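Taking it in order: structure first as C-alpha cells, then the write-up.
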Amino acid sequence: MLTILHMERTRKQTHQIRSFLLDAIPGSPQRATALAARRFKISRQSINRHMRWLIDQGWVEARGNTRQRTYHLVTLDSRLFRRTLEGLEEDRFWQEVSAVLPPDLPENVRDIWQYGFTEMVNNAID
C-alpha cells in the first residue's frame with residue numbers, strides 16, 4: 001500500500017514539475033530549470049531529466065550550450081481562420097475551429113478554449 005501511495009505522489013509531483021517548467025519557460029527561458037529546482041527543492045539534474053522529457057516529446061526546444069542554454073516552447077500547430085463579421089455566428093465558427101483540435105484534448109481544456117474563443121468572436125461582432 002505504501003508503494004502505491006508513493007507512486008501516486010511521485011506521478012503528481014512529475015506532473016507539477018513539468019507544468020511548472022512549461023509555465024516558467026516563456027518568462028525565464030534561461031532560468032526555468034534553476035527556478036524549478038529551487039521551487040521543488042530537488043537537484044538541477046533531476047529537473048534536467050524532466051526538461052529532457054519535454055524536449056523528447058517535442059514540446060520544448062533547447063538552444064545554446066550549458067550556461068548559454070535557453071528553452072523555448074514549440075508551436076505545435078498554427079492555423080489561421082478568417083471570416084467577415086457580417087452574419088458571423090460564434091457557435092458555428094467554433095464548431096469549424098474545434099474540429100481541428102487534438103481529439104485527446106481534455107474536456108476542461110476544450111471548454112476553456114471554447115469560452116475564450118467565443119468571447120473574443122462576440123467582442124469582435126459587437
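The values are calculated or read from the model by the stated rules, or taken from the named source; none is laboratory data. Quick caveat, the model's predicted, so the values are computed rather than measured. Backbone-built Cβ (ideal geometry, glycine too); neighbour counts: all protein chains shown. Note: accessible area is taken over every heavy atom of the protein model, side chains too, but ligands, DNA and RNA are not part of it. Shrake-Rupley method; radii C 1.70, N 1.55, O 1.52, S 1.80 Å.
Of the solvent-accessible surface of the stretch 49-104, computed with a 1.4 Å probe and all protein chains present, 45% belongs to carbon and sulfur. In this simple spin-label model, placing a label point 7 Å from the Cα along the Cα-to-Cβ direction at both L101 and I55 gives a separation of 3.2 nm.
Going by accessible surface with a 1.4 Å probe and the largest first, W113, W53, W94 read W113, W53, W94. Only protein heavy atoms count here; under a 1.4 Å probe, I55 has an accessible surface of about 40 Å².
Computed on protein heavy atoms with a 1.4 Å probe, the accessible areas place D126, D23 in the order D126, D23, largest first. Rounded to 0.05, the FRET efficiency of the S46 and R83 pair, given R0 = 30 Å and the Cβ-Cβ distance, is 0.05. Identify which of the listed values of mean projected area of the Cα convex hull in nm² was calculated from the structure shown: (1) 10.9; (2) 6.9; (3) 7.7. Recomputing mean projected area of the Cα convex hull in nm² here picks out (1). Taking every protein chain into account, the accessible area of the stretch 16-115 amounts to 74 square angstrom per residue (probe 1.4 Å). In order along the stretch 81-98, the Karplus-derived 3J(HN,Hα) couplings, from 6.51 cos²θ - 1.76 cosθ + 1.60 at θ = phi - 60°, round to 10, 10, 9, 7, 6, 5, x, 6, 10, 4, 5, 5, 5, 4, 4, 5, 5, 5 Hz, and Gly and Pro are given as x.
In the chain, helical runs assigned H by DSSP with n ≥ 4 each contribute -39500 (n - 2.57); averaged across all residues and rounded to the nearest 500, the mean residue ellipticity at 222 nm is -19000 deg cm²/dmol. Rounded to the nearest 20, the size of the Cβ-charge dipole of the stretch 5-63 about its Cα centre is 280 debye, with Lys and Arg at +1 and Asp and Glu at -1.
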